[in-house]
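Just so you know, all these numbers are worked out from the coordinates, no wet-lab data involved. Nothing here was measured: the structure is a model prediction, and the numbers come from that model. With ideal geometry, Cβ positions are generated from the backbone for all residues, glycine too; neighbour counts draw on all protein chains shown.
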Amino acid sequence: MSQVTRQKPDTVYFFGTCLIDLMFPQAGVSAVQLLQRAGIKVIYPPAQTCCGQPAWNSGYRDEARKVARAQIALFTKPIPIIIPSGSCAGMMKTHYPELFSGEADEAQALDVASRVYELTEFLVDVLNISLTDLGAPIEIAVHTSCSARREMGVADKIEQLLGQLQNVKVLEQAYKPECCGFGGTFAVKQPEISAAMVADKTMHLRNTGATQVISQDCGCLMNIGGAFDYQAKHENKKPLNTQHIAEFLWERTHG
Amino acid sequence: MSEARTHIFQRLRAVPRPEVDTTGRDYVPIYDWDRAERIKRFTERMQAVRAEVHHSDRDSWLNLLADLCKAKGLTNLLVSPHTEWGQAIYQQVGEFPTLQDYDRAIEAWKHEMFYNIDASLTSTVGGIAETGSLILWPTEQEPRIMSLVPPVHFAILDTQHLYTTFAEAMQEQDWLNQGMPTNALLISGPSKSADIAQVLAYGVHGPKELVVILI
Amino acid sequence: MAKPSEFRIQVDQALGKTEVRAHFRKAMDTLMTNRRNQFPDNAELQRLRDQAQVIRANALSKLPELLEQLESNLTRNGIHVHWAETTDEANDIVLKIMQKHNATWMIKGKSMVSEEMGLNHFLESKGIEALESDLGEFIIQLDGETPSHIIMPAIHKSKEQIAQLFNEKFPDIPYTEDVDTLTRTARDILREKFYNAPVGLSGVNFAVAETGTLCLVENEGNGRMSTTIPPVHIAVTGIEKVVEKLSDIPPLLSILPRSATGQPITTYFNMISSPRKKGEKDGPEEVHLVLLDNGRSRIYSDPELLATLRCIRCGACINHCPVYVRIGGHSYGTVYPGPIGTILEPQKSGLKVHGELVQASSLCGACGEVCPVRIPIPSIINRLRYEGVRQDGGSALDAGSKRKPLEAITWKAWSWAASHPSVYNLGSTVATQVRNLVPHNLGAWTSVRTAPAVADKTLHQQLKALGVDHE
Ligand code: SF4
């Protein structure tokens with residue numbers, strides 16, 4: 001549990017994640033817009049880069065720590081840090097304490113960890129946000145990342161947000177809690193297994209009949225969306241859209 | 001002392017071992033079942049794994065047993081004359097198939113035991129409602145093989161000794177201070193396996209039928 | 001292009017067998033559903049997991065004392081205790097006991113430690129036959145295979161395959177796919193073996209230090225047969241299997257079968273505390289316990305890796321693993337497959353031999369979520385990845401052996417760039433580096449997916465327009 005009181009703050013930090021920065025900036029923009037619309041001042045320290053997870057999960061702890069240390073230095077005020085990714089939030093919240101255990105700046109790392117919120121968690125639990133759907137009727141499926149589900153324990157938040165959208169129907173895929181096969185370096189170190197996993201995941205998502213797939217993690221979206229695109233191009237299957245939850249929410253609710 | 005032992009202990013002792021906080025280790029009762037409820041649960045569990053359960057009493061169990069033996073076409077029954085139940089059975093010899101006592105060490109009649117005994121009857125020291133289990137502490141009169149080799153095993157359970165959970169049985173019967181017997185057993189149904197394509201099959205190596213008579 | 005490892009080749013072959021994959025999926029689905037049904041109350045499940053974790057962690061914290069207590073109680077009860085540092089030593093101990101009794105064969109109950117020892121193979125080389133009696137083990141032994149799962153060793157085989165196999169090996173018996181008939185065939189064959197066996201061998205699920213009691217969990221009765229009928233019983237187990245108190249047993253017994261196969265309890269729970277006593281009419285005259293180290297004391301020496309030894313071998317992590325369900329047990333090339341194998345095998349046999357396994361995880365966390373003793377399997381995988389590439393010693397066997405120069409340099413460069421924002425924010429710099437990290441494998445990514453595209457404008461650039469505060 002976060003040590004920050006769950007009162008609505010005036011100001012928050014935003015940590016955009018490297019993947020969103022480079023590949024999915026629109027998700028980050030939308031997340032900031034959602035926060036701003038809720039009356040919250042957003043601070044985006046421009047020197048931020050990456051939480052360090054790729055190196056951490058590859059066993060390169062010194063390298064991960066070096067990068068993490070640079071981030072910690074940027075988020076010093078006692079305000080929440082909002083992250084539009086279960087995986088990067090999980091890195092900061094649960095792995096920074098391990099990564100900095102016994103280091104001189106351990107206390108700082110623990111402090112940062114205690115202020116971390118995954119975006120949907122923050123929107124629901126702290127902002128208690130209420131949404132009005134302005135979009136056309138649509139049937140979607142949700143893929144919750146394993147880190148959001150198991151590390152952060154926030155799988156229900158995305159569902160609660162979508163539940164507020166009147167014209168959005170969420171269809172349930174088979175094997176919903178199963179991993180999509182991304183797993184960061186796993187996808188490149190064990191490409192065959194990863195490919196088998198994403199093949200199954202996309203099949204189950206397609207079988208729902210949904211026209212769009214939403215997730216709170218861009219790693220999963222890169223994997224699933226990449227597979228959908230490939231299947232559309234090379235296997236003659238129907239193209240299927242993927243989108244980050246922030247972008248989806250913003251598109252459907254701003255006037 | 002073997003060298004291996006010395007080395008293993010050296011390595012285990014060489015490391016600091018922080019103490020573990022043992023909060024939450026002890027048994028916490030979560031059910032509040034009276035005897036009727038315990039009997040109901042026990043019966044459901046046992047039946048779910050294809051054990052036969054018969055509710056009987058001190059007056060009628062002998063007749064019930066005799067009928068069951070007839071219905072199953074048993075030609076003999078391995079039963080000790082030295083237990084409370086056995087004594088009663090031996091007094092009514094005429095009602096039962098040939099009664100056989102386990103009166104010699106197994107080596108003296110192993111072939112007969114393996115290939116000629118149809119069924120056995122044993123007492124139990126208790127039962128467990130939560131899991132549908134019988135507790136057996138085999139003795140000289142009722143040795144281990146009685147509940148293992150014969151294809152049909154009758155077990156009599158006095159419901160006074162039907163406990164809610166294993167932990168309660170152990171506590172109430174004070175296993176620790178009684179001292180553990182050569183062999184203590186929980187038996188929860190007839191022998192079974194799902195090793196062939198997850199299809200459940202009964203009677204793999206142990207008894208094919210378990211018949212529980214509740215008194 | 002780098003040559004794919006043996007592991008990747010096996011994986012590739014396994015993935016190609018669609019029928020087998022469908023079979024595994026169905027089997028794991030059943031096991032997962034059964035387990036879920038056993039724990040309708042999540043709070044109660046979590047309490048039980050806490051309890052089981054505490055019991056195992058407590059036992060490990062006192063391991064040397066408990067092993068001594070176990071040994072002295074077993075000895076007092078008349079059970080012979082043997083110690084083996086390596087599997088070779090353990091095999092020799094078993095061989096000597098066999099020789100002492102002039103035994104030319106043995107009947108075996110299920111024991112993963114005996115698989116770890118390669119006991120059957122070893123005994124065979126000495127002219128001694130070890131016959132498996134667990135139905136699943138019996139089947140795979142007939143086919144010359146090893147277990148593909150620690151609880152359900154023949155799970156990879158279909159009913160039809162088993163019917164074929166029986167027909168080949170027992171031509172006198174008519175071909176049948178009827179599971180009851182197949183089971184009866186095995187029963188009849190093995191009954192005679194139990195009857196004659198000079199020695200029975202089994203594993204141990206828990207050993208109670210306080211009373212000197214060996215506990216065995218099973219459904220078929222072959223475990224009881226192996227430990228009751230032959231005049232000599234040899235139990236083999238790892239040194240970590242000890243628990244402190246008799247009262248520690250019920251909670252473990254409660255969570256083990258429920259986590260493993262989704263049964264409330266197994267048919268038999270067999271507690272053995274001594275050989276046949278004077279006046280008793282059956283049971284083995286001689287009981288031996290072989291306690292095997294085989295790397296466990298090394299694992300023990302690291303406070304984080306130590307958690308590996310809490311394992312009660314329920315197999316739940318395997319049943320819930322999205323990797324295992326697709327590649328099956330044999331692809332791992334190890335005795336223990338799935339998540340538990342992924343953390344145990346590289347520690348036991350070293351990172352050089354089995355280090356690649358720690359890459360065969362997407363770190364999805366499904367294993368850690370179901371483990372009844374709360375082993376943080378993903379964290380241990382992460383730790384072993386670190387052990388593989390660290391340069392300062394480390395505690396795992398072969399630490400540092402997986403470090404590759406190109407990869408190390410790339411991570412160094414990445415970490416330099418990502419901690420120097422002015423460099424990083426050029427954006428493309430990092431994208432290039434990301435590509436460098438996977439020079440040979442982008443092909444694999446794009447064989448089922450389109451290549452990820454770098455956005456025209458990064459978030460950094462776009463947020464400038466949004467009036468976010470940049471302090
Ligand atoms: S690691 Fe946990 S889940 Fe896996 S076999 Fe061991 S006890 Fe069971």
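Over segment C:290-358, what is the mean sequence separation of C-alpha contacts under 8 Å (at least six apart), divided by residue count, expressed as relative contact order in percent?
Numbers: 53 pairs, mean separation 18.4, N = 69.
That works out to 27 percent.
Taking amide H atoms as placed 1.01 Å from N in the peptide plane, the amide H of C:TRP105 lies under 5 Å from those of C:GLU129, each 5 or more residues away in sequence or on another chain.
Building the convex hull from the alpha-carbon atoms of segment B:32-214 and averaging its projection over directions returns 11.2 nm². Summary of the geometry: segment C:62-77 and segment A:19-33, compared by the centres of their Cα atoms, lie 61 Å apart. Maximal additional length on extending the B:GLU19-B:TYR31 stretch stands at 1.2 nm, based on 0.36 nm per residue less the C-alpha distance.
For a modelled paramagnetic label at C:SER401, 7 Å from Cα along Cα-to-Cβ, no residue of segment B:1-29 is in reach, as no backbone nitrogen comes under 14 Å.
Run through segment A:80-138 and list the GluC sites (Glu not before Pro) located in a DSSP loop whose Cβ has at most 16 other Cβ atoms within 10 Å. For GluC sites (Glu not before Pro) across segment A:80-138 that sit outside H, G, I, E and B with at most 16 neighbouring Cβ atoms in 10 Å, the list reads A:GLU103. P(r) tail for segment B:107-197: Cα pairs beyond 15 Å make up 64% of the total. Centre-to-centre separation between the Cα atoms of segment B:131-147 and those of segment A:118-187: 54 Å.
If I take R0 = 25 Å and measure r between the Cβ atoms of B:GLN87 and B:GLN178 in this structure, what FRET efficiency does the formula 1/(1 + (r/R0)^6) give, to the nearest 0.05?
Details: r = 24 Å, r/R0 = 0.96.
According to the calculation, E is roughly 0.55.
Just so you know, the Cα atoms of the protein assembly as shown work out to an Rg and Dmax of 30.6, 101 Å. Shielding of peptide C:73-83 by partners, expressed as the average count of other chain Cβ atoms within 10 Å per residue Cβ, is 2. Between C:ALA453 and C:HIS80, full extension at 0.36 nm per residue minus the direct alpha carbon distance yields a gain of 127.6 nm. Of the GluC sites (Glu not before Pro) found in segment B:6-62, those in coil by DSSP whose Cβ has at most 11 other Cβ atoms within 10 Å are B:GLU19.
Over all distinct alpha-carbon pairs, what is the Kirkwood Rh of segment C:224-281 in angstrom? Walk me through the numbers before you get to the answer.
Values: mean 1/r = 0.0719 Å⁻¹.
Value: 13.9 Å, from the Cα pair sum.
Beta bridges from DSSP with both residues in segment B:32-214: antiparallel share about 25 percent, rounded to the nearest 5.
Would you tally the net charge around A:ASP133, using a Cβ to Cβ cut-off of less than 14 Å, leaving A:ASP133 out, and scoring K and R as +1, D and E as -1? Don't skip to the end; give the middle numbers.
Details: positive: A:LYS169, A:ARG252; negative: A:GLU139, A:GLU251.
Cβ neighbours under 14 Å give a net charge of 0.
Note on segment A:138-253: along the principal axes its Cα atoms extend 39, 35, 23 Å, ordered by decreasing extent. Most simply put, the protein assembly as shown has about 25% antiparallel DSSP beta bridges, counting only bridges with both residues inside it. Counting Cβ atoms of other protein chains within 10 Å of each residue's Cβ and taking the mean over peptide A:193-202 gives 6.
Compute the separation of the alpha-carbon centres of segment C:291-362 and segment C:194-230 and state it in Å as a whole number. Centre-to-centre distance over Cα atoms comes out at 25 Å.
Which of these, B:ASP195, B:ASP32, B:ASP118, has the largest mean-square fluctuation under a Gaussian network model of chain B (Cα springs below 10 Å)? Highest fluctuation among the options: B:ASP195. Taken along the Cα-to-beta-carbon direction at a fixed 7 Å, the label points for B:ARG58 and A:GLU235 span 7.2 nm.
Provide the FRET efficiency to the nearest 0.05 for the B:HIS7-C:LYS278 pair, computing r from the beta carbons and using R0 = 30 Å. Computed FRET efficiency for B:HIS7 and C:LYS278: 0.25. The alpha carbon radius of gyration of segment B:1-61, expressed as a multiple of 2.2 N^0.38 Å, is 2.34. Normalised size of chain C, defined as Cα radius of gyration per 2.2 N^0.38 Å with N residues, equals 1.11.
Under 19 Å from a label point set 7 Å out along the Cα-to-Cβ vector of C:HIS121, the amide N atoms of segment C:352-383 belong to C:352-357. Start at zero, step by 5 Å, and the Cα-Cα distances of chain A spread as 1, 6, 13, 18, 19, 16, 12, 8, 4, 1, 0, 0 percent across the bins. Take the convex hull of the alpha carbons in segment C:166-233; its mean projected area over all directions comes to 5.7 nm².
At q = 0.10, 0.12, 0.14 Å⁻¹ the log10 of I(q)/I(0) for segment A:27-126 amounts to -0.26, -0.38, -0.51, computed by Debye summation with a single uniform scatterer per C-alpha, solvent ignored.
Legend note: in chain C, cysteines whose Cβ sits 4.7 Å or more from every other cysteine Cβ are C:CYS215, C:CYS311, C:CYS314, C:CYS321, C:CYS371.
Distance between the pseudo-spin-label points of C:SER72 and A:ASN207 (7 Å out from Cα toward the beta carbon): 6.0 nm.
Can you tell me what percent of all Cα-Cα pairs in segment C:64-294 are more than 21 Å apart? Beyond 21 Å sits 56 percent of the P(r) for segment C:64-294. Packing-based ranking of C:133-141, C:313-321, C:410-418 yields C:313-321, C:133-141, C:410-418, ordered from highest to lowest mean Cβ neighbour count within 10 Å.
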